[in-house]
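Step one of this worksheet: look at the structure below.
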Amino acid sequence: MTLGIDPDELAACVQCGLCLTHCPTFRVTGDESQSPRGRIALMRAVDNDGAPLTPEIVEALDGCVVCRGCETACPSGVHYGHLIERTREALADAHRTTPWWERAGLEALAHPRLLRAGSAVLAGAQRFGLVPRRLGLPRIPLRSAPLQASGDDVYLFTGCVMDAWQRDVHRHGQAVLEAAGAGVTPTGDRVPCCGALHSHAGLGDRARALARRAIAELPGDRPILVDSAGCGAALKDYGHLLGTPEARAFSARVFDITEWVAGRMDRLVGSLPDAQPKPLDLRVAVQDPCHLRHVQRAHLPVRQVLAPFVRELVELDDDGLCCGAGGAYFVVQPELARRIRERKIGYIERAKADVVASANPGCGMHLGAGGVPTVHPMTLVARALGRA
Amino acid sequence: MSGPPAAPAALAALAAEVGAEGPVAAEGRRTRWDVGGALADGTRLVRAPSGILEHKPEEMTVRVLAGTPVDELHAELGARGQRTGLPRRGGTVGGALAVGESDVAVLGRGRVRDTLLQVRYVAADGAVVQGGGPTVKNVTGFDLPRLIVGSLGTLGILGEVILRTNPIPASSRWVTSASVDPFAVLDLVRGASCVLWDGTRTLVELEGHGADVDANLRALERVGEWGEASGPPPLPPHRWSMPPAGLRTLDREALGDWVASIGVGTVWASRPQPPAEVPAPLAALAQRVKDGFDPTGRLAPGRSVWRRAA
Amino acid sequence: MGVLRGAFGRRRSQPVLPQDPVVAELVDALAPDRVRMDSAERALFAHDASVFTGGVSGPVCFVTSAAEVQAVMRIAIRHDRAIVPRGAGTGLAGGAIPLGAPIVVSTIKMNRVLEVDTVDRVAWVEPGVVNLDLTRYLRPLGYHFAPDPSSQQACTIGGNVANNSGGPHCLAYGVTSNHVVAIDVVLPSGELVTLGGVDAEPDGYDLRGAFVGGEGTLGIATRIGVRITPNPPVVRTMLVSFDSAEVAASMVGDVIAAGIVPAAMEMMDREITRAVENFVHAGYPLDAGAVLLVEVDGQDEGTRLDMERITEIAHADGARSCRLAADEEERALLWKGRKGAFGAVAQIAPAYYLHDTVVPRAALADVLRAVYEIGARHDLPVVNVFHAGDGNLHPLLLFDPREPGIMERVHEAGKDIVEVSLAAGGTLSGEHGIGVEKRDYMSMMFSDVDLEHQNRLRRAFDPACRANPGKVLPASHSCADIQALRQVPTGVWA
């Protein structure tokens, strides 16, 4: 079989290897087959040279976190994300990857009531100590009050797992937006899921169906703000995923919540007594989610947003290397994910921070399970504003 | 297609003189003649030709014959604002390279081993061999120049070399202090070409733009009193090689009179450095090098590159 | 490029099989998960960052200690197999390409910084430490590792030692050889020796110096003592633009002749400047014939005076404009243009062949002109972005790898560039090394006698020609007789 990758995109890699150290799986394994350069060479071997899809090749292609850190490092501008998503889709279609239980789990994401019911069971099980800690799940709330619309300036995209498990982060994000003077409409069950995880798992048809639904449910030109970097990246990629003018127009309306707030800092700060923020007494390390830094390339605004509201911001000196969460990666590749996280934690410890701010719930959960106190930047800002 | 530029006739004459048989060694000005031990009796002495062939200031290179006195070379280069990393002690270019010891102000002038870019030497079989390349930057092939520097004439007899030159800084100043921790100097200033310490006095050579030298002196004066000095003190005859950090814990008894080069690790002492064991695999490797370049052992017999071997 | 075709095709006929006793012994000596025999991994290790194919990898070993390297070496000796050391595989001359199905020894997992001594100003590192990781590690201490090859984000210190790597800043600071004080080496005999030392003038031959640049043919470095360099207090960067590359080239020599050794002097020609500006928007002049990025570092007053003098020289030489970076942000922007050059090339051609020769500064203008003519003659667009300060040319030949017969033309043009560089009094390579790329050009620079002496050095380290056979020296002077190399043609490229 072939993977059916666009030959032009496949030819763009010149094997220089500058991506290697920006790849979390290469960093922890040292295996060329667990690097972007190696994976592209294997894709070429399959597509151009008719190499058989051996278990080793499937394992190599399956080991990718899809953090896309290699894309920012690539001097030749290779669209690695496109290559790996196309590959994953071909492998899934051929039933070479993505087991039934993963497909079933992903299916649930598109059904909010099912997801909430499942989450409630999980939350109960947690209370009785039935869920192993090593799974890295956060403490899931038993109940959480629904979000209420406060106006129609912007949409706040609430998504699937995050809405079920971390609705408070949405609440904090909404509070910050309102403090900056915006009326907010949470999207809620109208748009059950962005489809990012389906895309990563190679379930392209499901991902495209979810994209079409989101576009249909959120017409008009209101900005769509997202507080989960993974969802934001997926929504911003609808233009490429569907290839329609409508989808491109939709994607152009999508912003990470920090991008949008950063453009309204004067109003946010101006809303405070004497326009004086009261910073939280915390040294905060900024962890850039890959889908914010490498995919959306919008990781700088979070610093601008956080700076007035905490005592000290500190950078991690690891060039934004992935933490290993990778959407559902830490569930399907627990061993690699754990080794990648250990590396990340080493850098976090060197930064000597009180808390880590991460704008992606998956990263937060994964790091939290590794013993790192992690919060969403919107939660910190809401706290400093006295709204959380 | 271009081949390597031809060696001058003087080099061919040296090669003919070296020939292919009988023990032979090069003689310069004998400033470090005893290093590595005495030559075997009956060793024929030859002299490398002398002369500066080409100085290219814009390339930072000079092509020179090995018998040229270093002082003469530096006088010529100095007239055009440059110098080399060869030591100022009165010997020849070839002698300085064969011995391989750096100048006292090595921090400012660079190491001898980093100075040699291209070498032409007469091999044990009388052939002229070229190693390295004519440009400041070059990674073509195995690095024969590194191997030749410090080899005491045991691998080949130096005939002609291309050296890296460097600009002479605009300003230079020696200062001395009896109240300053010598180990603090290099952290206080950038642009110290030399920091010497004899147990009581610290001597520093500051080089660079005049304003930078003045600024460095002011930085030094913040930690102690300094006076002018005319240059380095007289250096005792024996040269010890130590790690820079080892200078903090010198065994003063063993040294006798001494002057230490801070940040470098060289100590000039009135007593010789105690010998040290050479690990057997390393000695064997070095012997294989020697045997490869000089299968009959005719080059500088009696001299050992293990100057401090037990 | 059909890069894998050769390796995958040949794999079926190559001699190593998983049940090979060599593999069992390697697994015993290391660990099952650190010896890879599967076709995918081995096909990948048949390549590095060069365009050369024809490599065939035997078992791939991931070593973690000197003792393991010794064990692998002894297994290789017992079975009369060759070994090829490998770092990140970012070399451009094919130095890490395994010829004749040797055991590939990857040092990538030996990646610890062992010790940093700021009094000795030495850092002890394992060979798999990434160049930029070391500099990043040293940053809080106020030091850096001076060699900064363009691949520094990925290449390893072990690879830097093997290739004697340079980079933009080696004009003032020197190449890797100037920054390595000592190396623990596992010799091809399996013995472990320390070459050089932290002391001022280590005894014996400078075998440390001989080992650096040996391209893996002299043994495997397992621990490296490198000099660490204090970060300069002041750095000033200026962009100078010219009507032509010739004028820019003459300014380079004039600056050096004036007694200034800048930290870096990087040149970009018209085409690359335009491509870079459209790609990264660093504010480079779109209509310039060439630009020079000049950097000086040191102390406040001296660097200011140097920059003033350089500006005078630039204007005297006919520069169109000089733009001194006002702050760190602008400085970073100017460098962003230079560092984004290869990415910019990717926007104008699907692939490029990056060449590397050195010429005297005085010959830069003439050689550049000849390089453009060579490109035109072979119908290959050429752009130039290079370390002008030390005359280190990096012509990029642009091509589409899917065009039939293109690589022959690219290699022909490459050979012509080598010829004009040597004719101008230059050298074959400034920093990429010889590998398989320029092995057969060595006799253009050296006589048979010269090469025979280089081979004597090689054989003193490796009498059996076990380490990385088929590299650096042309076949008539190298270890072409080794068993493994007879089985597979060497130096074959697609």
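The values are calculated or read from the model by the stated rules, or taken from the named source; none is laboratory data. A quick note: this is a predicted structure, and the numbers were derived from the prediction, not measured. Counting neighbours? That spans all protein chains shown, and the Cβs are built from the backbone with ideal geometry, glycine included. We work out accessible area using only protein heavy atoms, side chains counted, and drop any ligands, DNA or RNA first. Shrake-Rupley method; radii C 1.70, N 1.55, O 1.52, S 1.80 Å.
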(request) Kindly identify region C:234-342 as rounded, prolate or oblate by the Cα gyration tensor criterion: order the square roots of the eigenvalues as a ≥ b ≥ c, call it rounded if a/c is under 1.5, otherwise compare a/b with b/c, prolate if a/b is larger, else oblate. (result) oblate
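From the helices alone, meaning DSSP H stretches of at least four residues, give me the mean residue ellipticity at 222 nm for chain B, per-run term -39500 (n - 2.57), in deg cm²/dmol to the nearest 500. Don't jump to the answer; show the numbers that get you there.
Details: 9 runs with 69 residues, N = 310.
Taking each H run of at least 4 residues, the total per residue is -6000 deg cm²/dmol.
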(message) As I understand it, the dipole of the protein assembly as shown uses +1 on the Cβ of Lys and Arg and -1 on the Cβ of Asp and Glu, about the Cα centre. Which of A:THR379, C:VAL261, C:GLY219 lies farthest toward its positive end?
(response) A:THR379
(request) Taking the Cα centre of chain B as origin, sum charge times position over the Cβ atoms of Lys and Arg (+1) and Asp and Glu (-1), and report the length of that vector in debye to the nearest 20. (result) 320 debye
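Note down the net charge around B:GLY292, summing +1 for each Lys or Arg and -1 for each Asp or Glu among other residues with Cβ under 11 Å from its Cβ. Spell out each step's value before the answer.
Numbers: positive: B:ARG288, B:LYS290, C:ARG456, C:ARG458, C:ARG459; negative: B:ASP291, B:ASP294, C:GLU452.
Charge balance in the 11 Å sphere: +2.
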(message) For chain A, which cysteines have no second Cys with its Cβ under 4.7 Å from theirs?
(response) A:CYS13, A:CYS16, A:CYS23, A:CYS64, A:CYS74, A:CYS323, A:CYS363
(message) On C-alpha positions alone, give me the angle between the axis of helix A:100-109 and the longest principal axis of chain A, in degrees, nearest 10.
(response) 30 degrees
(message) Could you tell me which residue out of B:VAL64, B:GLY85, B:GLY208 lies farthest along the dipole of chain B toward its positive end? Charges go on the beta carbon: Lys and Arg +1, Asp and Glu -1, centred on the Cα centre.
(response) B:VAL64
(request) From the P(r) of chain C, can you give the percent of Cα pairs sitting at distances over 32 Å? (result) 42 percent
(request) Apply the Karplus parameterisation 6.51 cos²θ - 1.76 cosθ + 1.60, with θ equal to phi minus 60°, to every residue of region A:365-370 and state each ³J(HN,Hα) to the nearest whole Hz, in sequence, with x for glycine and proline. (result) 5, 5, 5, x, 5, x
(message) What does the structure give for C:447-453 when I average, per residue, the other chain Cβ atoms found within 10 Å of the residue Cβ?
(response) 6
(message) If every alpha-carbon in region C:183-307 counts as one equal scatterer, what log10 I(q)/I(0) does Debye give at q = 0.13, 0.18 1/Å?
(response) -0.78, -0.91
(request) Mind telling me which of B:GLU277, B:GLU59, B:GLU205 comes out most flexible in a GNM of chain B, alpha-carbon contacts under 10 Å? (result) B:GLU277
(request) Give me the distance between the Cα centres of region C:416-466 and region B:158-190, rounded to whole Å. (result) 35 Å
(request) Please give the average number of partner chain Cβ atoms lying within 10 Å of the Cβ of each residue in A:19-30, rounded to a whole number. (result) 4
(message) With +1 on the Cβ of every Lys and Arg and -1 on the Cβ of every Asp and Glu, and nothing else charged, how large is the dipole of the protein assembly as shown about its Cα centre, in debye rounded to the nearest 20?
(response) 2680 debye
(message) What does DSSP give for the protein assembly as shown in terms of the percent of beta bridges that are antiparallel, rounded to the nearest 5?
(response) 75 percent
(message) Placing +1 on the Cβ of each Lys and Arg and -1 on the Cβ of each Asp and Glu in the protein assembly as shown, which of C:VAL161, C:VAL449, C:GLY283 has its Cα farthest towards the positive end of the resulting dipole?
(response) C:VAL161
(message) Buried accessible area between B and C (1.4 Å probe, both chains summed, ligands and nucleic acids excluded), in Å² to the nearest 100?
(response) 6600 Å²
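Once a ≥ b ≥ c are taken as the square roots of the eigenvalues of the Cα gyration tensor of region B:149-283, is the result rounded (a/c under 1.5), prolate (a/b larger than b/c) or oblate (a/b not larger than b/c)? Could the numbers behind the result be given before it?
On the way: a/c = 2.37, a/b = 1.35, b/c = 1.75.
Here region B:149-283 falls in the oblate category.
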(request) Rounded to the nearest 10 degrees, what's the angle between the helix A:167-179 long axis and the longest principal axis of chain A, both from Cα atoms, 0 to 90? (result) 60 degrees
(message) List the lysines whose Cα sits under 29 Å from the Cα of A:LYS236, skipping any in the same chain fewer than 8 residues away.
(response) A:LYS344, C:LYS336, C:LYS339
(request) Might you tell me the accessible area per residue for region A:253-333, computed with a 1.4 Å probe and given in Å²? (result) 41 Å²
(message) If I build a Gaussian network model for chain B, linking alpha-carbon pairs within less than 10 angstrom, which residue out of B:ARG113, B:ARG298, B:ARG190 has the largest mean-square fluctuation?
(response) B:ARG190
(request) Report, in degrees rounded to the nearest 10, the 0 to 90 angle that the Cα long axis of helix B:9-18 makes with the longest principal axis of chain B. (result) 80 degrees
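Just how many % of Cα pairs in region A:107-260 lie over 22 Å apart, if you round to the nearest whole percent? Display every interim value, and only then the final one.
Working: 4907 of 11781 pairs.
Here the tail beyond 22 Å accounts for 42 percent of pairs.
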(request) Report, in debye and to the nearest 20, how large the dipole of chain A comes out about its Cα centre when Lys and Arg carry +1 and Asp and Glu carry -1 on their Cβ. (result) 1160 debye
(message) Within 10 Å of each Cβ in B:278-289, how many Cβ atoms from other chains are there, averaged over the peptide?
(response) 6
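Determine the shape class of chain B: with a ≥ b ≥ c the square roots of the Cα gyration tensor eigenvalues, call it rounded for a/c under 1.5, and otherwise prolate if a/b is greater than b/c, oblate otherwise. Don't skip to the answer; put the middle values down first.
Details: a/c = 2.30, a/b = 1.44, b/c = 1.60.
Oblate is the answer for chain B, as a/c is 1.5 or above yet b/c matches or exceeds a/b.
Taking the Cβ of A:GLY230 as the centre, find all other residues whose Cβ is under 14 Å away and add up their charges (Lys, Arg: +1; Asp, Glu: -1). Write down the numbers at each step before the final one.
Working: positive: A:ARG68, A:LYS236, A:ARG293; negative: A:GLU85, A:ASP163, A:ASP227, A:ASP237, A:ASP256, A:ASP288.
Summing Lys and Arg as +1 and Asp and Glu as -1 gives -3.
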(message) Based only on Cα atoms, what mean projected area does the convex hull of the protein assembly as shown have, in nm²?
(response) 47.1 nm²
(request) Quick one: among B:ALA20, B:ALA192, B:ALA276, which has the greatest mean-square fluctuation in a GNM of chain B with alpha-carbon springs under 10 angstrom? (result) B:ALA276
(request) For region B:9-167, just list the percent of Cα-Cα distances falling in each 5 Å bin from zero outward, please. (result) 2, 10, 20, 24, 21, 14, 7, 2, 1, 0
(message) On a 1.4 Å probe surface of the protein chains, which of A:HIS170, A:HIS95 comes out largest in accessible area, and what is the full order?
(response) A:HIS95, A:HIS170
